[in-house]
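J.: Quick one: the structure is below, questions incoming.
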Amino acid sequence: MKLSQLVLALAVCSGAAFTPLRPRPLQRQHTVARASLLEDVKKRAAAAFLSGLLLVSPALVASPQAALAGPAATRQDAATSSGSRVNKDANSLLRLGLPINSPEVRKLQAQIEGVGGDLRVKRIGAAKDGLQKARGTIASTKEAGKMLAAARPAEVEKAQTLLANIDGDLAAALEELGKQAGQGSVQERELLDKANAAQARAAASLSALEELMVPAGYTVPVPAEYSNLPQLQGRAVVEFELKKAEAGEQFNIDGELFEKVKLKVTVDGYNAPLTGGNFVDLVSKGFYNGMAVQRSDGFVVQTGDPAGPADGYVPPGKSAPRTLPLEIMVKGDKGVPMYESTTEEDLRGKEATVLPFQSFGALGMARTEDNDNSASSQWFWLLFDSDLTPAGKNLLDGAYACFGYTTEGADFLKDVKEGDIITKATVVSGKENLVMPK
């Protein structure tokens, strides 16, 4: 980053310089007290600076991570499974985003995810302790019974099987960690690999178990004025295939070369039904097939700007792009998204979002700086860096719609460059959850 750019970023985040945001009417009244004028100026200044980084028309930014690290937003600890550390596990964030109410399964989730964290840093003793506690939770008749009771009635038998599978995988991991192996030896690496694989299987079964707890027929309320937009009532998985722009060029991921890459993303309609519905609809229409990546600057990988004068997707028979209201699900709002306003504009800047921008490859909708409701077809993968974005200080949260996470192949984003081609985008599951307007 050039010195002048660094000075600008620091000045903006400190409140020394700012661009006023367009005033908006409040969508509803809240009892949250307004911050001091100085703090409000600082927050709006940082938000204005960040908005300039994510215009619908892609723009190059030398090092926009500086904008994410400023002190302006002091949010509540958002979706962390390990205290003050950033939870950057996409699958964990998706689990936490499910509309379920089972303290027992959340306890089990924290235990299983804690084991994964301990294994990554070779805290063998702590991992063994976590595995034993997780197995104890499953063995508890009371806690296991409450988890089964939280499942949909028709899915209780499947939930029992998943609990048994989780326990079996936790036992397998515990068995591997109980074996003797010299520190740093090949044998230790092998048993750690096996323990990690068992923990990952248990976590995958946990995801399936929690999904069984979503109430039957659950839908997210959407205001009637948006009934003309597609809705995703549930989740969908989209697979992207990309190739390099130049013939013969390959993706280089940590020294390994690939002719093409594939990524899978989970689109979350439980928390972003309109944003997710619009995205899945466009993927289903083949809108992104053959489209080039239009921005890659170390901050985001962005695409979605179609050829021609339109700034977004224009439906057949229409003359203007289909646009979306800004859609933010705030923690504590009981499954009802907030529309047409950022959390700062709604005087809730310290509130945490259900889907935080804190995982590498998080999906976000781009929009213009001066219009919260201008998103259409352009979106981005966020190249998240937890060292630059501490927990609770992510200025994207509450200002842009996060609508899912990359769950497979996120590492490929490291070498996706401007001009690379999305050869194909496909909805591989969950298309039945897409509800089109009548």
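J.: With an 8 Å Cα cut-off and a minimum separation of 6 or more residues, compute the relative contact order for segment 301-387 in percent.
T.: Computed over segment 301-387, the figure is 33 percent.
J.: Among THR343, THR141, THR423, what is the fewest-to-most ranking by other Cβ atoms within 10 Å?
T.: THR141, THR423, THR343
J.: Classify segment 150-276 from the C-alpha gyration tensor, please: rounded if a/c falls under 1.5, else prolate or oblate depending on whether a/b exceeds b/c.
T.: Cα axes put segment 150-276 in the oblate bin.
J.: Among the listed pairs LYS107/LYS285; LYS107/LYS262; LYS88/LYS431; LYS262/LYS438; LYS122/LYS424, give every one whose C-alpha distance is greater than 31 Å.
T.: Pairs exceeding 31 Å: LYS107/LYS285; LYS107/LYS262; LYS262/LYS438; LYS122/LYS424.
J.: Cα centroid distance between segment 109-155 and segment 198-268, in Å?
T.: 25 Å
J.: If you take the square roots of the eigenvalues of the alpha-carbon gyration tensor of segment 225-435 and sort them as a ≥ b ≥ c, do you get rounded (a/c under 1.5), prolate (a/b over b/c) or oblate?
T.: Oblate.
J.: For a test of the definition: using alpha carbon positions, the gyration tensor, and the 1.5 limit on a/c, classify segment 312-417 as rounded, prolate or oblate.
T.: Oblate, since a/c reaches 1.5 and b/c is not below a/b.
J.: Give the calculated FRET efficiency between GLN180 and ALA247 to the nearest 0.05, with a Förster radius of 45 Å applied to their Cβ-Cβ distance.
T.: FRET efficiency, GLN180 to ALA247: 0.25.
J.: Only counting other Cβ atoms within 10 Å, I'd like PHE287, PHE357 sorted with the fewest neighbours first.
T.: PHE287, PHE357
J.: What order do you get for LYS262, LYS318, LYS350 when you list them from fewest to most C-beta neighbours inside 10 Å?
T.: LYS318, LYS262, LYS350
J.: Shifting gears a bit: Between LYS334 and THR423, 0.36 nm times their residue separation minus their Cα-Cα distance comes to what?
T.: 28.2 nm
J.: Could you pull out every one of the aspartates and glutamates with an alpha carbon less than 16 Å from that of LYS417, ignoring same-chain neighbours closer than 8 positions?
T.: GLU241, GLU246, GLU249, ASP254, GLU259, ASP297, ASP305
Values quoted throughout were computed directly from the atomic coordinates according to the rules given, and no laboratory measurement underlies them. Keep in mind the model is a prediction, meaning the values are calculated, not measured. For neighbour counting, all protein chains shown are included, and Cβ atoms are generated from backbone atoms with ideal geometry for every residue, glycine included.
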